[in-house]
């Protein structure tokens, strides 16, 4: 049916602005979705790649408690039991030229089967200058073993850092300054997985990390078909040492950031949802504008089905263009978003270096499909409407609006039902995060569907009042909103949802921040905190703290992981200083009794998140894999915490020392004597540390500030996403106002003909916009608050197990109102200008 | 066997990592970087030199069991066991080689008291079994640092180990116990000496090329009565036979004029033993430092020089990996009235690594002073892989 196609194409091309807006709406919705998808996948992929590189060919890993594995176990397995496919590993962090790297201490003789890039024959030194014979594999083995500070990195990293073989360079491990020397580059120079890795001999790694006698883990390679070896090996392991499948271990680590990523995806879908409204708007308008043409076509014998298909086809064409643009835009946006996401993951979960992301076919296909489906879904109602066009001359606008008017209460009823259903899901879905998010969408959509009804009611209520207060023009303007609900309703809903998202998210973030800040205030009891960047504190230094003038007492903290096949649990061992008990808030129960058990009976405390995740209660026991085997510990109490991981268990240092062979201390908190000067004590600390050690010494206030900065950084992404949603809504309002203005050109013509000045016409349109903005803003308040509550009490709780007190300030609400009105007025500015320029004669010539 | 080999080994040992050659020789071996052997050798010679290492440059007061143990101040060292074995039930004949090499990567150990892994000592092991009846040759190798308990050597009691391959003292206290295994092959043997230790060269100082220090300390135990268990491809055999121990250590590099060597260790039925090595010059001619030792049935020994011995190649074998090895010899020592033919029990006893060498069991057939004389032995051939 070429005629219909030509008609459609002609129409779309004659209205380029409208076409552009429709495309933009879809594009932005798709772009946000694609970019979040890319960012999530990019971070996840970077994590897997780096784990891949670190694990190499290992199928299993022998891991111990917090102190790792005794190295004699490795020799025992090899020499006494004849195991061959095993490799020892000492892991840590190293800073070179201000950059942080994964330090991998390997036994190069065992590497061939595990990490081919670190196997002697694959190590290269072609990028670094060397004398005769220096490039041979043997020379590199020799250098790695006997050259002090010898290390390997990828050629790209060496080049980026400007390191050459001839000059030693400074590096920092465990707070200690050392000299490094590049003796070769890792095999597979172009492999970005290797960018974050620095390889050294296991001997240097142990010396630098101060972990003499200990291994981080033993890698094991078990060939397919030799699974019986697993049980054999398992029997050889002492208490507290376990054999874990490498892949499952990686999955467990990756799973820690699942909740965070799910939340991001949900945010991106919000942008898409707003986009759907926008598309509906555009398509509905395109139908309305052509109602005469469609009626004529129907009269000429075009069937209902053909019209329906034609409109959907049109939408599909626009949707395809928009979706393609969206995918392209999204892949560009993703490059920026991924840095934010990776930084948040590195802050909270595990170090991730994303060196670049590529748009995958799957992501692109998902974006295209989502864009197209959203467009078609949004176009369904207008297309049906177009098909219902009687085969006679023009149906009047009023008929159409009457029909839309009868639809409005129906929509509201449906919305109400949806809201209630969503509430039910929320109530009944237990701990499922995804169900919580689905319910959240249901609530938003349900409440959104009630908005047209509210808009109509408010317009009827305010039109006479406005008329009395500001004259006929404003009455006309406001009543006009109510009379054109098929257009304005949708715009108001889109704006309302976008604005309610800002309320919901800001209230959630502010409540959260207040809770965290409050919690930090109470938990940061010490005056000064000392830690070794990327490592442990020197035991000698800790012992020397007592002798520093002005130090009244100190507490020490060790933060570590306990692993089992299916989980990783944060274990914190604290040596409390007198008085530091107040820093941990025990929820419910007798705090003094809890502390007594903690100190005297080896009981533990668990965090909110842990309690939520494991449904743990006071008095129950937790089973932990200690270096003395599996042991049970009584839960003395539950404490307030906002740990981003799946919860933490705290035990006293005394208890910890009894069950774990690990003397490491991560940080110390120093309490000052009455009248002691913090700066003087810090200076003494630095002196005690000596020039060869780097110490992170921070005041109480500084730690608090840093913590909150990380907190704020985490929510940058959230902010970016909801601003994008607001932008989509802004485009929506612009589109709606444009549509109205174009549609009502004749009406404006008459108004001008009966004496309304151009300025008054412009004001009329602006009042309409402002009214719509105000309605959207007002409606956004309850929607936003409900959203905030769901985010705080359901989503965050289910995702992270945090308990957050909801705090509603006036500012997010006022800000949202302003945002709604201002964006509506701004969006209406151009349509207002055009309305003002209406030439009466031209507009009415059609008549 | 001479000193060049250590250097050669220290080059190719590293290539084992690349070659990934484990288990039997049937496994495919990836090609190494294409560097001619000679240039690899010169690279090595230029690398670091020998300054700082202890040198074999003067006669030595050998003491045992002390000298069975390691000499870490020297750059290279090995414990080299070879032997011919028969299954007690008559079900097979075998040859074996179990060698543990020690290399010092630098004259001094790195200063690092923060780790038990820090060391300059590296150990490499070769284990090969020749299955004469099945005409199969199996080889395995290992490498480990001489630290953290992974590999090493000790004197009292003697023990040399690399992973679970170990050389220890036998229950009698006078002999050795060897244990090794890898994939298809394994052994657990007791070796009891039936002859005293023999010092090769001038009282154990074995000159390899010109100049002081271009030498090694070199002693052998030419007869070790051997019993124990041998595992080959799923079967375990109780075996009896005779082994040979070569011990050598030193630090010096060899001149680049030498292309390789042929080493013979023959145990003859009349109770005497012959060890001789030919250092081949680049043109293939025997070099002036070629030498050997004659040990009579009573254990008395006598050094042999190149002029004392006439060796002619009677057969050749083409390796499928390239290179033609001699595969049969006629050896005459006129002063001893000895005239024998030496024949490999299996042509293919080549250790297929990047730098390949041939080390295999041989039969000896011939006569001494007109009376028929047989025997068995081991032969090592290096420097033929680059042909």
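The values are calculated or read from the model by the stated rules, or taken from the named source; none is laboratory data. Keep in mind that this is a model prediction, so the values were computed, not measured. Note that we place each Cβ from the backbone using ideal geometry, even for glycine, and neighbour counts take in every protein chain shown.
Let's see how each residue does on (1) under 35 Å from the mean Cα position of the chain (by Cα); (2) more than 14 Å from chain B (Cβ to nearest Cβ); (3) under 19 Å from residue A:145 (Cα atoms); (4) not in a strand (DSSP E or B):
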site: A:33; (1), (2), (3), (4): yes, yes, no, yes
site: A:36; (1), (2), (3), (4): yes, yes, no, yes
site: A:51; (1), (2), (3), (4): yes, yes, no, yes
site: A:62; (1), (2), (3), (4): yes, yes, no, no
site: A:84; (1), (2), (3), (4): no, no, no, yes
site: A:89; (1), (2), (3), (4): yes, no, yes, no
site: A:93; (1), (2), (3), (4): yes, yes, no, no
site: A:111; (1), (2), (3), (4): no, no, yes, yes
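Of the residues making up segment B:67-83, one or more are under 27 Å from residue A:111 (Cα atoms), within 14 Å of chain A (Cβ to nearest Cβ), crowded, with 18+ Cβ neighbours inside 10 Å and touching a helix residue (DSSP H, G or I) at 6+ places or on another chain (Cβ under 6 Å).
Could you tell me whether residue A:174 is at pLDDT below 85 and closer than 26 Å to residue A:105 by Cβ? Yes: the conditions hold for residue A:174.
Within segment A:242-251, is even one residue part of a loop (DSSP other than H, G, I, E, B), over 28 Å from residue A:96 (Cα atoms) and at pLDDT 85 or above? There is no residue in segment A:242-251 that is part of a loop (DSSP other than H, G, I, E, B), over 28 Å from residue A:96 (Cα atoms) and at pLDDT 85 or above.
From the list A:261, A:256, the lone residue that is under 22 Å from residue A:625 (Cβ atoms), surrounded by 17 or more Cβ atoms within 10 Å (Cβ to Cβ), modelled with pLDDT under 90 and within 22 Å of the chain's Cα centre (by Cα) is A:256.
For (1) buried (at least 16 other Cβ atoms within 10 Å of the Cβ); (2) in contact (Cβ under 8 Å) with a residue 12 or more places away in the chain; (3) assigned to a helix (DSSP H, G or I), each residue gets a yes or a no:
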| site | (1), (2), (3) |
| --- | --- |
| A:474 | yes, yes, yes |
| A:490 | yes, yes, yes |
| A:493 | yes, yes, yes |
| A:496 | yes, yes, yes |
| A:506 | yes, yes, yes |
| A:526 | yes, yes, no |
| A:562 | yes, yes, no |
| A:566 | no, yes, no |
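The numbered conditions (1) modelled with pLDDT under 80; (2) farther than 21 Å from residue B:109 by Cα; (3) within 14 Å of chain B (Cβ to nearest Cβ) are all true for residue A:164 except (3). Set side by side, the residues B:152, B:90 differ, and just one is at positive phi and either assigned to a strand (DSSP E or B) or modelled with pLDDT of 95 or more (or both), which is B:152. Take the residues in segment A:198-215 that are surrounded by fewer than 24 Cβ atoms within 10 Å (Cβ to Cβ) and either out of contact with any helix residue (DSSP H, G or I) (no Cβ under 6 Å at 6 or more places or on another chain) or away from chain B (no Cβ under 14 Å) (or both), then tell me which one is nearest to residue A:183 (Cα to Cα). Here the residue is A:210. Any idea which residue in segment B:116-141 is nearest to the other protein chains (Cβ to nearest Cβ), counting only those that are surrounded by fewer than 23 Cβ atoms within 10 Å (Cβ to Cβ) and without any contact (Cβ under 8 Å) to a residue 60 or more places away in the chain? Checking each candidate, the answer is B:120.
Can you go through A:156, A:176 and tell me which one is in contact (Cβ under 8 Å) with a residue 24 or more places away in the chain and within 14 Å of chain B (Cβ to nearest Cβ)? So the residue among A:156, A:176 that is in contact (Cβ under 8 Å) with a residue 24 or more places away in the chain and within 14 Å of chain B (Cβ to nearest Cβ) is A:176. The strands (runs of 3 or more DSSP E) found entirely in segment A:625-708 that carry 2 or more residues being surrounded by fewer than 18 Cβ atoms within 10 Å (Cβ to Cβ) are A:629-639, A:696-699. Screening A:87, A:53 for residues that are within 18 Å of residue B:118 (Cα to Cα), surrounded by 22 or more Cβ atoms within 10 Å (Cβ to Cβ) and in contact with a helix residue (DSSP H, G or I) (Cβ under 8 Å, 6 or more places away or on another chain) leaves exactly one candidate, A:87.
Determine, yes or no, whether residue B:69 is under 28 Å from residue B:237 (Cβ atoms) and at pLDDT below 95. Spelling it out, it is not the case that residue B:69 is under 28 Å from residue B:237 (Cβ atoms) and at pLDDT below 95. Being touching a residue at least 40 places away in the same chain (Cβ under 8 Å) and closer than 18 Å to residue B:260 by Cβ holds for only one residue in B:301, B:290, B:319, and it is B:319.
Criterion applied to A:374, A:384, A:364, A:370 was being over 27 Å from residue A:261 (Cα atoms) and either assigned to a helix (DSSP H, G or I) or at pLDDT below 80 (or both), and the one residue passing it is A:384.
Here's the yes/no breakdown for (1) within 30 Å of residue A:68 (Cβ to Cβ); (2) surrounded by fewer than 18 Cβ atoms within 10 Å (Cβ to Cβ):
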site: A:502; (1), (2): no, no
site: A:513; (1), (2): no, yes
site: A:541; (1), (2): yes, no
site: A:544; (1), (2): yes, yes
site: A:559; (1), (2): yes, yes
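With A:121, A:133, A:187 as the choices, which residue is at pLDDT below 85, more than 38 Å from the chain's Cα centre (by Cα), assigned to a loop (DSSP other than H, G, I, E, B) and within 14 Å of chain B (Cβ to nearest Cβ)? On inspection, the qualifying residue turns out to be A:133.
When A:446, A:456 are checked against the criterion of being part of a helix (DSSP H, G or I) and farther than 20 Å from residue A:771 by Cα, a single residue qualifies: A:446. Please tell me if residue B:199 is in contact (Cβ under 8 Å) with a residue 24 or more places away in the chain, away from every other protein chain (no Cβ under 12 Å) and under 16 Å from residue B:247 (Cβ atoms). Here the answer is yes, as residue B:199 does meet what is asked. Consider residue B:188 carefully, then state whether it is in contact with a helix residue (DSSP H, G or I) (Cβ under 8 Å, 6 or more places away or on another chain) and within 14 Å of another protein chain (Cβ to nearest Cβ). The answer is no for residue B:188.
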